[in-house]
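Enquirer: Quick one: structure below, then a few questions.
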Amino acid sequence: MLGTAVHAQDGNAPALPGKLNDSMKIKSESMTGRPDREVILEKNVEIIRDKTEIEADYVRYDIVEDQVNAAGDVRINRAGDRFSGSALRLKMDTGEGYMQSPVYQLLRKNAHGSAARINFESEESATAIKGIYTTCEGPDPDWYLRTGTLTLDNDRGIGSASNAVLFFKGVPIAGTPYVSFPLTETRTSGFLAPVIGTSTTGGLEITTPYYWDIAPNRDLILYPHYISRRGLMLGGDARYLGEDYSGNVRAEVLNNDTINGNNRYSAYLLHKQILAPDLRLLTDLSMASDNDYAKDFPFTQVWGGRPAFSRRLLPRDVQLQYDSAEWNGMLRMIDYQILQDPNAIIRVPYGRLPQVSFNQFAYSDNGFSWNLNSEFSRFTNPTLTLAQGDRLMVNPRLSYSYNRPGYFLRPSLSVHGTMYSLDRLPNAEMTAPSRVLPTVSLDSGLIFERDVHFFGQTAIQSLEPRLFYTYTPYQQQDATLYPNFDSAESDFNYAQVFRENRFVGNDRIGDANKLTSALITRFLQPNGVERLRLAVAQRFSFENQRVVLGVPDIGPSGTVNTRSDLLFLSTGHITEQLRVDVNLQYSQTLKEFNRVNFGTYWQPEPMKVLNVQYRRDIRDTTATSTTNFELFDISGQWPLSARWYGVGRINYLIKEKTLGQSLAGFEYKADCWNFRFIGQRVPTAEGLANTTFFIQFDFNGLSSLGSNPMRALRLNVPGYQSLNQQPATELDNTAY
């Protein structure tokens, strides 16, 4: 006996018992069958249950097994992923089943494809048999991935394929027995696309990285790096992030370099941790196996963290810092490894083992402020001809700030006390006596404002005359008496002329009896944002400055250089798209600009940027002037046509008539893929440079093939934008 049949022709099914009535919605033009066993649905059938929607011409629904058997024009939507085929069998409660001859579309990844059959393992996972995957629109995609099996795991956000062949413009260009790729923008574990490149020091270089997404706040990249001229380098880069700490660890090793026969390695650790509300630990440790490491491996692949060891000065720095509202302190241990170049020797800097500092500050409501800076350091150096020992510095300061509408006065009195205890002297005459030097200064200025129009917009223009006077008495401090652990003469610029001491560090306190005059004008938007600043400044000396770094001090004789060079400053946004920075230093004695720094930065639209900079540094040497430094730097990214973009940087050293760090190439942006060809030249040592080439195909929604130039592009072209911007990771603002 067949039991009681049900029938509907108005598109609304009658109430049915069990699972059908509780969890499913059904529509069809015809419905027959037994409500306790199975239902036959015909013509414009729609079934909805949770995240699954089915449409078909014919459906037989087995109520006992909770299984749908559909035929005809079958379409299924599962959590936004759409599949259509000729036949479907699906268990509604588990999501298990299969579809014949499916065509699918993944909306979250904007991908689509087809297969001979697709197996549904669950509501979140499906495997296509003999499938095709692409993100290109249309029936004839520019690229597609042909696979033996293609698994789409939405729960993990991973797609994986076996026996995969990548076709580009109908030609197979790469194949692999296994590949995985993300289905969402979240990080997922798996092998990344191989990185292939060439360099003049290593030849052909191939990296096959594996990315391990350990946790939302931890990840690891393992990257075997084959260098044809040297051998196999093994490397790893790990990042971690906690509520109170973060860090990056990287190490790489090359066993038995075939060129020099040595083991080569480098390691790097950056760790930051909050130990208490006001207490922090900072660690920055770097090391390399030999002096030539930076020169031989300037382009070793790095995933996150810092760039490869292009530096020659590698710090070993550990700091314990305490900051409160009224004082701060620091305990520091720092030393350095120098990667020496015989043609450009670097003087080994002093290590501080240890350095202890204490700073206190207090402010009152009536304008007075009190600061105390103090530091004890033990300086060590492996160079036997240099002094070594301890230094204690104490520098109290009392200041008063008198601010009124339209003007300000800021007098200050400070005392710089220094005491040495040396256990290694470069000569017997060095006694390093204690030194106490007072300094008085007065900073003052007027402020006038008026309403103006700035390039057609309402603005406020200020006019600010400023005078800064400082006095420090002379005391002999040449190298016959005092060591020089950390002092150097400050670069003469607009900020430096308003500093009391013309030296940085604490081993030299420059004598001063000088007045700095300046005139500043600013253009401010109504909300207070500065659009443009123009300034001119000059320093006048009333006595000859006698303290120098070398031997001996100038002494009481000599001609007083009453005025310094004129300084001109201009910086700001002329428009929203154009920024200009100009710094000029004009010698009235030589009647020429002996320092010029001119830069313009123009970005009218996304992926349109042009940067131009010219720099020149001429120093007066008695009766003649010598050009020590002059360069021209231009970089940019600009569309050449509807899809082609040029990108590059030219850094030309005019005096040497040679290129510095430079880059050139082009990019192509298609609808579903990008192509980049970039060449980069990086000086690695005196008279030597390394040239590398980056060739990359970026297949949207799948992966990249070739060598990645993105870091080089962002470092060399300020304002560069990727043709397809990628989101940052959860660990930092630089995605792997």
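The values are calculated or read from the model by the stated rules, or taken from the named source; none is laboratory data. All figures in this text were calculated on a predicted structure; none of them were measured in a lab. Counting neighbours? That spans all protein chains shown, and the Cβs are built from the backbone with ideal geometry, glycine included. Heads up: the accessible areas ignore ligands, DNA and RNA and are worked out on the full protein's heavy atoms, side chains in. Shrake-Rupley method; radii C 1.70, N 1.55, O 1.52, S 1.80 Å.
Enquirer: Can you tell me which residue in segment 433-468 is farthest from Tyr494 (Cα to Cα), limited to those that are of a type in the set (S, T, N, Q) and loosely packed, with under 12 Cβ neighbours inside 10 Å?
Expert: Checking each candidate, the answer is Ser434.
Enquirer: Another question, then. When only residues in segment 596-630 that are surrounded by fewer than 17 Cβ atoms within 10 Å (Cβ to Cβ) and among the hydrophobic types (A, V, I, L, M, F, W, C) count, which is modelled with the highest pLDDT?
Expert: Val612
Enquirer: Could you tell me whether Ser189 is within 30 Å of Asp284 (Cβ to Cβ), in contact with a strand residue (DSSP E or B) (Cβ under 7 Å, 6 or more places away or on another chain) and modelled with pLDDT under 90?
Expert: yes
Enquirer: Something else: Scanning for something surrounded by 16 or more Cβ atoms within 10 Å (Cβ to Cβ), touching a Ser or Thr at 6+ places or on another chain (Cβ under 8 Å), over 30 Å from His453 (Cβ atoms) and modelled with pLDDT under 90, does segment 514-522 turn up at least one residue?
Expert: No.
Enquirer: Looking only at strands (runs of 3 or more DSSP E) that fall completely inside segment 392-497, which ones have 1 or more residues that are among the aromatic types (Phe, Trp, Tyr) and in contact with a helix residue (DSSP H, G or I) (Cβ under 8 Å, 6 or more places away or on another chain)?
Expert: Qualifying strands (runs of 3 or more DSSP E): 457-472.
Enquirer: Can we say Glu530 is in contact (Cβ under 8 Å) with a residue 40 or more places away in the chain, under 30 Å from Gly351 (Cα atoms), of a type outside the set (Gly, Ala, Ser) and out of contact with any Asp or Glu (no Cβ under 9 Å at 6 or more places or on another chain)?
Expert: No; evaluated as a whole, the condition is false for this residue.
Enquirer: Provide a single number: the residues in segment 680-695 that are touching a Leu at 6+ places or on another chain (Cβ under 7 Å) and surrounded by fewer than 22 Cβ atoms within 10 Å (Cβ to Cβ).
Expert: Residues meeting the conditions: 1.
Enquirer: Further, regarding this structure: Return the residues of segment 158-175 that are closer than 27 Å to Asp213 by Cβ and either among the hydroxyl-bearing types (Ser, Thr, Tyr) or surrounded by fewer than 18 Cβ atoms within 10 Å (Cβ to Cβ) (or both); say none if nothing qualifies.
Expert: Matches in segment 158-175: Ser160, Ser162, Asn163, Val165, Ala174, Gly175.
Enquirer: Also, quick follow-up: Give just the number: which of (1) more than 24 Å from Leu270 (Cα to Cα); (2) part of a strand (DSSP E or B) does Asp365 not satisfy?
Expert: Asp365 satisfies every listed condition except (2).
Enquirer: For segment 498-525, which residues satisfy the criterion of being part of a loop (DSSP other than H, G, I, E, B) and either of a type in the set (Gly, Ala, Ser) or without any contact (Cβ under 8 Å) to a residue 40 or more places away in the chain (or both)?
Expert: Within segment 498-525, Arg499, Gly505, Gly510, Asp511 meet the criteria.
Enquirer: How many residues are buried (at least 16 other Cβ atoms within 10 Å of the Cβ) and within 18 Å of Ser122 (Cα to Cα) when one looks only at segment 135-157?
Expert: Counting residues in segment 135-157 that are buried (at least 16 other Cβ atoms within 10 Å of the Cβ) and within 18 Å of Ser122 (Cα to Cα) gives 8.
Enquirer: Listed residues Leu437, Leu467, Leu425, Leu442; which is at pLDDT 90 or above and either farther than 30 Å from Pro411 by Cα or touching a Phe, Trp or Tyr at 6+ places or on another chain (Cβ under 6 Å) (or both)?
Expert: Matching residue, one of Leu437, Leu467, Leu425, Leu442: Leu442.
Enquirer: Within segment 662-672, does at least one residue satisfy the condition of being within 22 Å of Leu339 (Cα to Cα), among the basic types (Lys, Arg) and buried (at least 16 other Cβ atoms within 10 Å of the Cβ)?
Expert: no
Enquirer: All but one of (1) over 23 Å from the mean Cα position of the chain (by Cα); (2) surrounded by fewer than 17 Cβ atoms within 10 Å (Cβ to Cβ); (3) not in a loop (DSSP other than H, G, I, E, B) hold for Tyr265; which doesn't?
Expert: So Tyr265 meets the others, but not (2).
Enquirer: Okay, next question. Just give me the residues in segment 230-259 being open to solvent by 70 Å² or more (accessible area, probe 1.4 Å) and in contact (Cβ under 8 Å) with a residue 24 or more places away in the chain, in sequence order.
Expert: Across segment 230-259, the qualifying residues are Asp244, Asn255, Asn256, Thr258, Ile259.
Enquirer: A further question follows. Test of understanding: among Phe408, Phe368, which residue is exposed (fewer than 14 other Cβ atoms within 10 Å of the Cβ) and in contact with a strand residue (DSSP E or B) (Cβ under 7 Å, 6 or more places away or on another chain)?
Expert: Phe368
Enquirer: Within segment 572-585, can you find the residues that are within 22 Å of Lys608 (Cβ to Cβ) and either among the β-branched types (Val, Ile, Thr) or open to solvent by less than 40 Å² (accessible area, probe 1.4 Å) (or both)?
Expert: Within segment 572-585, Gly572, Ile574, Thr575, Val580, Asp581 meet the criteria.
Enquirer: Would you tally the residues in segment 418-459 being within 17 Å of Asp390 (Cβ to Cβ) and among the charged types (D, E, K, R)?
Expert: Summing the residues that are within 17 Å of Asp390 (Cβ to Cβ) and among the charged types (D, E, K, R) in segment 418-459 gives 3.
Enquirer: Looking only at segment 107-127, how many residues end up being open to solvent by 10 Å² or more (accessible area, probe 1.4 Å) and either over 45 Å from the mean Cα position of the chain (by Cα) or among the hydrophobic types (A, V, I, L, M, F, W, C) (or both)?
Expert: Total satisfying the criteria: 3.
Enquirer: Could you please find all residues in segment 480-496 being of a type outside the set (S, T, N, Q) and open to solvent by 30 Å² or more (accessible area, probe 1.4 Å)?
Expert: Leu481, Asp486, Ala488, Glu489, Asp491, Phe492, Tyr494, Ala495
Enquirer: Look through segment 523-561, keep the residues that are modelled with pLDDT of 95 or more and of a type in the set (Gly, Ala, Ser), and return whichever of them is surrounded by the most Cβ atoms within 10 Å (Cβ to Cβ).
Expert: My answer is Ala537.
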